[in-house]
Structures are given as structure tokens and as C-alpha cells.
Amino acid sequence: MRKIRELRVGLATCGVAAGAERVYEALQHEVETAGLRLPIKRVGCLGMCYNEPLVEVVHADGRIDRYGHVKPEDAPRIVSGRAVKDLEVDSERFLSRQVRIVLENCGRIDPESIDEYRANDGYRALEKALREMTPDAVIAEITASGLRGRGGGGFPTGMKWSLAAKEKGPKKYMICNGDEGDPGAFMDRSVLEGDPHRVLEGMVIAAYAIGASEGYLYVRAEYPLAIARLVSSIRDARAAGLLGDHILGTDFSFDLHIKAGAGAFVCGEETALIASIEGRRGMPRRRPPYPSSSGLWGKPTCINNVETLANVPWILRHGAAKFAALGTEKSKGTKVFALAGKIANSGLIEIPMGMSIHDIVFDIGGGIQEGGELKAVQMGGPSGGCLPASLADTPVDYEALKATGAIVGSGGMIILDQETCMVDVARFFLDFTQKESCGKCTFCRIGTKRMLEILERICAGEGTKEDVGRLVDLGEKIKANSLCGLGQTAPNPVLTTAKYFADEYAAHIEGRACPARVCKALLSYRIDPATCKNCGLCARQCPASAIADGDGAQVIDEVVCVKCGRCRQVCPFGAVLVLTGKVSE
Amino acid sequence: MEACFPAAKATRKAWDQIPRRPESIIPLLQSVQEEQGYLSEEGIAQVAAHAHSAASAVYGVATFYSQFRLRRPGLHTLRVCEGTACHVLGSEEVMETLKELLGVEVGETTPDGVFTLESVRCLGCCSLAPAVMVDNETHGRVGRKEIAAILKRYRKDAR
């Protein structure tokens, strides 16, 4: 009989959505009926989202078997270890090139158990800081590590802390920004769900370094599981003397509150986030004064992103030098990315800075879905840009990526293939930023609206030759004349696609064609009479009743057709053609 | 007002813990919406009174954030994720299908009061794109078939 130490079931939001809760129950039932004493651990996200629900079997000798796409009825096989070959997943390629600092514990420990976090060196960095280091020494260590803000800005963390530390107290605030608003990004969610104590520990250390006595954790309301885990973690940390008065018996006291955000992308901006905590509309204000001198309720305030803070305990435990040994000259350590879109292995990864985009997509991500071709990588969400496949050798490095027009960003990495229309992607992001603009600055409020209108016109096949020039001109002006990061970066998706995919804009405008066959107004559906077997399946599925019997083949009435594409999906013979442009194929 | 607003008592009891300051406006609004599913005029007035703020300021906050709604929703709320990953993997089709099957536009409620259709910017489960959230339950990789099954299940439960 083989010896199993424990079973682990990934129960982060993505796992739960894939049905992991039912798998967990089935395993529990199976273990109970078999009379085994086998711990089944509820863990966070291991990052292999493409295999969810995911179950790990940890053997007594430390060996781990991973099973993917597990269904409740697979429970007996997994517990007995018989006939499980078809469930096994090959994780070697996905995991071997990753370096896990922030995600060290994610998917390994029970996020709701403070004891398990402590058994894995948790809160040791806090102990070290409070007992052996002065606040200045903590700041010096973080400065030496070269850690930069992981929320997208890339501002040196040590410098941010020292600015806040220099301010006079007595009242200072420490804020953790967990308002992960980028569509296509879920790094912070995974860390908060999978290893909440790490974020708390990082926050308490930061508070000690700058001399803050009170803190706020600002988390998106759309992340109910993350909030629930933080609430229980804070309670446990308080009970263990790791939060509250006289932490670990020292003179340092710090306590924190959770604020659930209410849905506003702009609240990722520091001053807007502060306004939101104060109970107001989340609108940014002019800086200076910077929050480090006048932040929450006018008091000195330091704001760090979730991932930034999650790096801190590791740096103090292992030393700045070990952290700085990873990465490039100016970008140290690791970065967590959420890989999604047309990628084979979507999920959450952590790589050393300096790895090329190509290696991330093809080595870790397993390439493009269904044998597609890499067209572009969208990084940094609405504030970021699209990097074309020809620049895939660019390393993940703040400066190198900035030079291309894209940014490292908070970590969203959306992989696009030949079926993605770049003009449509630009329109998508502008639609987002235009709606999320708080309305304070004219250029952002009205400029993004005008840009969106131009993009919509191009997608509708009504673009004019001057439109691209207008977009670039407007984009530059919005960047120059907006108060906060939202407006200053909103044109980036348009500017980068206009730069790298100029031919696609030209095809839309001059050829009235959407090469990726996405923009509906530029498409027409036709049935190839030579291939059509006249089975009528398409006609029965057509929601617009646009298909009728023709002469031995089905015929689409283009006036009635709503271009939903369902006929093409259901046709077993591939007889439905999608045509685009003035010159039909 | 008490009689036509039975939930108010419970709300006010839970509110004893919440400081009577403007900074409490967002948590107070969240608690009203949690209980009633939306923000009624009375709810906004109560929040303003508790937080010692003007009702207009509370209304300003309520309309700024996308979480809050001022109309009573249906029994179940469908939120179609329109994040980037979902967008490139067909969230538009999901939305069109739902509009067609439910016969409503975004923000509207079906005449039988069972479903409200909404869109959300990103649910953060991009690897399961396209995704739809029904109340607090997330459904991943939804196609036409899955959507029909989801609607059927919740309709049945609603009876």
C-alpha cells in the first residue's frame, strides 16, 4: 500500500467555478467511507487554472502526483491510486522555469490556517524586523533588494517607505491596494485567497518601517472569497498577538481594517483610493502633495500593492542580496503574471524578471490554443499596450517594455492570435477607460469618448483616411493633459496597435475588411453551394430565419442575417464562408 | 416608514457597530444593498442620517461606483464577464445569446422578475473564459448550451 501524506484540492475562485467544491466533498466522502485517516487540505491556487479542478496527492516521500479536470466520480480512483493515468497532468513544463517568491505558499498551504503559515516560516520576517532591526534597517534592506511597486508603476518601494518614514507622526497610515481592476488580471486575487497571511505580514512590516499605527486593506467587492479569508486571517493574527497592541510583546502597535471597494477602476490610483476610503466619490486629486506627506485624512500615508507587500517577508527572511540576484539590472526579483486569452496553459505564473515574453508564452504557457499563431501580447490591461509577435524577445523588464510602448503593468498578460482583431482590441480598451474615466479632467472625459467614437467608426467600416492620425494626435494630448494614471495611460492600447498594426487599421479603413473576421459590420456570410449538402441544420439554428432553401443548397439572405455565426458553428461540412472586404475571397 | 420598510430595523441594529461618520457611507450602502438587493430612496436617506451626511452626497457616492444599483433587481442576477480574456474568447456571443433568450437588454429585468441581466468588467477567473456569474456563483467556459442549462436550472428553482 502506498503512503499518502495528504490530499490537496485547489479551492480558489477559479477552482470553485470549475466545480472543485464538489470534488472536495466527494473526496471527503470517499476517505470517510474507506475509514482512512487522510487529511484533505483546502488550498489556494497553484496557478494551473487550465487543469481545474486540480487535486494533488502528496506522498509520504514528498513526491507529488497532480490530477486535472477531476470530477466528483473520480474520487475513488484518486484515493485508491488505481487507474488514474488518464487524470495525471504534466506540470513539469509549466512549473520548472518558475521562481516562486510571492506564490511560495499558494496551492501548498491551507490559507485559513495561521499555524500552517507559521510552520512554513510565516511571520518569522516580522519577528526578525521587530526584534532585531530598526525601522531604518528594514527600509535599507528593502531598498537594497531593488523591489519596485508591482501594481504597475514600478516606483522603488524602499524610496516610498523612506519618504513616509521621514514625515512627522504621530498618526500615519499604511494602505494595501487590492483594488485589482484590470480586466484580465487576477494575481492579487490569487495571493489574497491563497496566502492572505503573507500580505498581512508584509503590511505589518511596512507599517513598522514607516511608523504607521493604523492600516487599511482595500479589496474589490467582486472578490468575496478574498475578503472572507482576510477577515478570518486578521482575526487569527490578532489572537496570536501579531496584530493589535504590542505586537509580539514589543512596543510596536498596529491594527488594520478591511475596506471593500465598490467597483471603480480609477480607485487603483492612490489619491482616488484615499478618497474612496474616506467615503467619497473616488476621484483623484492633484499631486503634490503626495500621499507620503498628506494622504488619508491629511496624514502621511504609504500605499503599496498586494504583490509588492507579499515580496517583503521573503526579502527579510532571505536577505536583499538573494532577491537582487534575480532579474535584470534595474528590475529585480520576480513578477507574477496572469496568463489568459488564446494560450494553451492559462493560469498564474511567477517568473524571474528578465525572462522573454517568448519563453513565457511558449515554454511555460505551452504555446497558442489549438495550434494558432501568436499575433500579439497585451500587457498591463487598459493602461498597457500590445506587443507584436515580432517583439516577443523583449524581456520582462520595466525599462525594456516601456521602450516598446507596452508596460510590465500589474501582471495581466493576454495572448492574442490571428483570430483577434487589433482594432477591436483597441476599441474594447477605450470603451473600458471611457466608461471608467471619473470625469474630472476634460481631456480624459471627452478625449477618450472622441477616440472611442473614431474606433467604433473604423470597426463599422466607416473610417476615413485621417482617422489614424486623429487618434494618435488625440492620444498624445490626453496623455499630456490628464491628472492621473488612468488618463495618462488610457491611449496606450490605441497608440501601440496603431504603431505595430498599421496595416490592420488600413485594411479596415481603405479595404473595408477585418482580416481577423471579428468586426461584424465588415463581414458577410455565404454558403458555398459546392460544399453544402442541403441538410438544413443551419436554417433550423438560425435565430433570424435568414437561411432558406435555394437551388440544391441553402442560401443566406444577407439583409436579414445578423452575423451571429451560428450557422458556421453548426455546419458539419464547413460550407459556411465568412467573407470580408471589397475583394471577396 | 417603518411598516413599509421591514428590513430597516435589522439594518439599524447592525449599524450600531458602524461609526457615524461620512467614511462609513460605502459600507452602509453595501449593507443596504446586501439586504434589499438595491438602494431604495429610503435606504439612501437612512445612510445619510447615520453617516451625518447630506442625502445628495450619499447619492453621489451611490452613482459613482458600479456596484450600487438604484432599481430593484430580479430574483437572480446574471453578470456576463466582459474582461479582456472573455472578450477575445467570445463574451459578446454570450451576451447576445442571453439577450435573445431572456428578451431583455443589459440592466433590465425579465417580466417574470426572475433574471436581471448585467455586465461586469472582470471576474478574475480569466482561465475559465468566457464566464458568467449568477448571484455569487461563477460559471466558466459557457457556450450556448451551458447558458440554456443555467437559465433552466435557476428558473426551476425560482418556481
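The values are calculated or read from the model by the stated rules, or taken from the named source; none is laboratory data. Keep in mind it's a predicted model, so treat the numbers as computed, not measured. Methodologically, a virtual Cβ is constructed for each residue, glycine included, from the backbone with ideal geometry; neighbour enumeration extends over all protein chains shown. All accessible areas refer to the heavy atoms of the entire protein, side chains included, with ligands and DNA or RNA removed. Shrake-Rupley method; radii C 1.70, N 1.55, O 1.52, S 1.80 Å.
Things worth noting here:
- Peptide A:179-191 has a mean shielding of 4, counted as Cβ atoms of other protein chains within 10 Å of each residue's Cβ.
- Measure of compaction for the range A:71-209 (Cα Rg per 2.2 N^0.38 Å): 1.36
- If a spin label sat at a point 7 angstrom from the Cα of A:D363 along the line to its beta carbon, the backbone N atoms of the range A:96-126 nearer than 11 Å would be those of A:96-99.
- Near-label residues of the range A:555-582 by backbone N, under 12 Å of a point 7 Å along Cα→Cβ of A:Q541: A:564-576
- Sites A:D115 and A:H69, calculated FRET efficiency, Cβ-Cβ separation with R0 41 Å, nearest 0.05: 0.80
- Relative contact order %, the range A:114-323, counting alpha carbon pairs below 8 Å whose residues are six or more apart: 31 percent
- Accessible area per residue for chain A, computed on protein heavy atoms with a 1.4 Å probe, is 38 Å².
- Antiparallel %, DSSP beta bridges [both residues in chain B], to 5: 55 percent
- In sequence order, calculated HN-Hα J values of the range A:146-159 (Karplus, 6.51, -1.76, 1.60; Hz; x Gly/Pro): x, 4, 10, x, 8, x, x, x, x, 6, x, 5, x, 5
- Neighbour cut-off at most 12 other Cβ (10 Å), DSSP loop, trypsin sites (Lys or Arg not before Pro), the range A:1-83: A:R2, A:K3, A:R37, A:R63, A:R82
- Under a model in which nothing but the beta-carbon of Lys, Arg (+1) and Asp, Glu (-1) is charged, the range A:422-509 shows a dipole of about 400 debye around its Cα centre.
- Sequence of A:W314, A:W161 from largest to smallest accessible area, 1.4 Å probe: A:W314, A:W161
- Karplus (6.51, -1.76, 1.60) ³J(HN,Hα), θ = phi - 60°, over the range A:478-484, in Hz, Gly and Pro reported as x: 5, 4, 6, 10, 10, 6, 10
- Residue (of B:M133, A:A275, A:T394) at the positive-pole extreme of the protein assembly as shown, dipole from beta-carbon charges: A:A275
- Relative counts (whole %) of C-alpha pair distances in the range A:310-456, using bins that are 10 Å wide: 11, 35, 30, 18, 5, 0
- Of all DSSP beta bridges in chain A, antiparallel share, percent nearest 5: 60 percent
- Per-pair calculated FRET efficiency, R0 = 60 Å: A:N534 and A:W297 via Cβ, rounded to 0.05: 0.25
- Pairs beyond 25 Å (Cα-Cα), from A:K41/A:K71; A:K172/A:K435; A:K330/A:K499; A:K342/B:K145; A:K335/A:K402; A:K259/A:K435: A:K172/A:K435; A:K330/A:K499
- Cα-based helix-to-principal-axis angle, B:144-158 vs chain B, degrees rounded to 10: 40 degrees
- Among residues other than A:P289 with Cβ under 13 Å from its Cβ, the summed charge is +2 (Lys and Arg +1, Asp and Glu -1).
- Taken about its Cα centre, the protein assembly as shown carries a charge dipole of roughly 1040 debye when the Cβ of each Lys and Arg holds +1 and the Cβ of each Asp and Glu holds -1.
- Shape category assigned to the range A:79-161 from the gyration tensor of Cα positions, a/c cut at 1.5: oblate
- Tail fraction, Cα-Cα pairs, the range A:11-91, threshold 15 Å, whole percent: 53 percent
- Applying both filters, DSSP loop and at most 16 other Cβ atoms within 10 Å, to the chymotrypsin sites (Phe, Trp or Tyr not before Pro) of the range B:34-125 gives B:Y38.
- Using a Förster distance of 25 Å, the FRET efficiency for A:K128-A:R287 (Cβ separation, nearest 0.05): 0.15
- Contact order normalised by residue count of the range A:472-567, Cα under 8 Å, 6+ apart, percent: 18 percent
- Relative to its Kirkwood radius, the Cα radius of gyration of the range B:9-64 gives an Rg/Rh of 0.91.
- Take each residue in B:73-84, count the other chain C-beta atoms within 10 Å of its C-beta, and the mean is 3.
- Computed from point charges on the beta carbon alone (+1 for Lys and Arg, -1 for Asp and Glu), the dipole magnitude for the range B:9-64 about its Cα centre is near 200 Debye.
- Once the Cα atoms are used to define both axes, helix B:25-36 deviates from the longest principal axis of chain B by about 60 degrees.
- Working from Cα pairs under 8 Å separated by at least six residues, relative contact order for chain A is 12 percent.
- Take A:V79: with every protein chain present and a 1.4 Å probe, its accessible area is about 10 Å².
- Within the range A:487-585, the chymotrypsin sites (Phe, Trp or Tyr not before Pro) that combine a DSSP coil assignment with at most 16 other C-beta atoms in a 10 angstrom radius are A:F573.
- Chain A: angle of helix A:422-436 to the longest principal axis, Cα-based, in degrees nearest 10: 50 degrees
- Listed residues B:V58, A:L225, B:V88: farthest to the positive end of the dipole of the protein assembly as shown (Cβ charges): B:V58
- One Cα centroid belongs to the range B:73-100, the other to the range B:22-42; the line between them spans 26 Å.
- Peptides B:29-35, B:13-19, ordered by how many other C-beta atoms sit within 10 Å of their residues on average, highest first, read B:29-35, B:13-19.
- Distance in nm between pseudo-label sites at A:D86 and A:R317 (7 Å out along the Cβ direction from Cα): 4.0 nm
- Residues in the range B:89-112 that a label on B:R159 would reach, taking backbone N under 11 Å of a point 7 Å out along Cα→Cβ: none
- Probe 1.4 Å - accessible area at A:T143, Å² to nearest ten: 80 Å²
- Candidate lysines - alpha carbon under 17 Å from A:K166, same-chain residues fewer than 8 apart omitted: A:K299
- 10 Å Cβ neighbours from other chains, averaged over peptide A:276-285: 5
- Ranked by the mean number of other Cβ atoms within 10 Å of their residues, highest first, the peptides A:478-486, A:396-404, A:379-387 come out as A:379-387, A:478-486, A:396-404.
- Cα-based shape type of the range B:76-158, given that a ≥ b ≥ c are square roots of the gyration tensor eigenvalues and the cut on a/c is 1.5: prolate
- In the complete set of protein chains, residue-level accessible area for A:E21 is approximately 60 Å², probe 1.4 angstrom.
- Between the listed residues A:I349, A:I454, A:L130, the Cα displaced farthest toward the positive end of the dipole of the protein assembly as shown, a dipole computed from Cβ unit charges relative to the Cα centre, is found at A:L130.
- Anisotropy class of the protein assembly as shown from Cα gyration tensor, a/c 1.5 cut: rounded
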